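Just below is one structure, and these are the notes that go with it.
Any read-out appearing in this document is the output of simple, stated calculations on the displayed coordinates, not a laboratory observation. Owing to the predicted nature of the structure, the values given are computational and were not obtained by experimental measurement. Here the Cβ positions follow ideal geometry from the backbone for every residue, glycine too, while neighbour counts run over all protein chains shown.
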Amino acid sequence: MNSQLDRITMNPAVCHGKPTIRGLRYPVDVVLDLLAAGMSVAEILADYPDLEAADISAVLSYAAQLSRVQSVELLSA
């Protein structure tokens, strides 16, 4: 899985340092928004020819990694 996550890069000179795919100007959040809106991987790849299927998998792996919560603390009211 590390090789997948290697496709996600952050560079202050590209998209203001937002996570992007392979240093290209395709932010991870844009691809996640497209998937959430119902676009298929094939449709995304057709619309963005610079992307590869492995890039979409990397985006999903990155999102899964971010969603892992180590602990939750309840706050008193």
*Just add up the charged neighbours of S3: K/R +1, D/E -1, any other residue whose Cβ is under 14 Å from the Cβ of S3.*
-1
_If amide hydrogens are placed 1.01 Å from N in the peptide plane, which non-local residues have theirs closer than 5 Å to the one on I8?_
R22
*Sorted by packing (mean other beta-carbon atoms within 10 Å per residue), highest first, where do 12-22, 52-62 land?*
52-62, 12-22
*Correct option for Cα Rg over 2.2 N^0.38 Å [calculated from the coordinates] among (i) 1.03; (ii) 0.96; (iii) 1.27*: (iii)
*So for the chain, taking the charge dipole from beta-carbon charges (+1 Lys/Arg, -1 Asp/Glu), which of G23, S71, A36 sits furthest toward the positive end?*
S71
*Can you give the relative contact order of the chain as a percent, counting alpha carbon pairs under 8 Å and 6+ residues apart?*
28
_Per-residue ³J(HN,Hα) for region 19-27, Karplus 6.51 cos²θ - 1.76 cosθ + 1.60, θ = phi - 60°, Hz, x for Gly and Pro_ = x, 10, 9, 6, x, 7, 8, 10, x
